Amino acid sequence: MKISFGLQVLDTILGGYFGSRLMANIREDKRIHLWYWFSRCGIEDQPYFFVSTEVAKEVTEATIREIYVELDRLKNEPIPADELQNEEKLYAR
């Protein structure tokens, strides 16, 4: 299955490396221990993704809320140039 480059970029920015948005927001800022899975699935012309995580019961709601915060940011705000440059460096390896 061929996945679009755009979804690969989205994967990395959202949670695909230690400096990603979910890691920075949830793990670093909120100090919530986070295991994160982001999967790209579907057929070539209709891909989709999902986010899955494991957190302690007492921080589940806060974690879900922050995942939606980051998804909304991706939907409503341009990705800053410096973040895209970091992405380029990761793909250049």
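Quick note: the coordinates plus some simple rules give every number you see, no bench work behind them. On a predicted model such as this, the values are computed, not experimentally measured, just so you know. Positions of Cβ are backbone-derived with ideal geometry, glycine not excepted, and every protein chain shown enters the neighbour counts.
Between ILE79 and TYR48, what FRET efficiency follows from the Cβ-Cβ distance if R0 is 22 Å, with the result rounded to 0.05? The pair ILE79/TYR48 has a calculated efficiency of 0.65.
Listed by chain and number, the aspartates and glutamates whose C-alpha is less than 18 Å from the C-alpha of LYS75, apart from same-chain residues fewer than 8 away, are ASP11, GLU66, GLU83, GLU87.
Take each peptide in 54-60, 4-10, 74-80, count the other Cβ atoms within 10 Å of every residue, and average; sorted highest first, the result is 4-10, 54-60, 74-80. Length available on full extension from GLU58 to LYS30: 0.36 nm per residue minus the Cα-Cα distance, which gives 8.8 nm. Between the beta carbons of LYS89 and SER4, assuming R0 = 25 Å, the FRET efficiency works out to 0.75 to the nearest 0.05.
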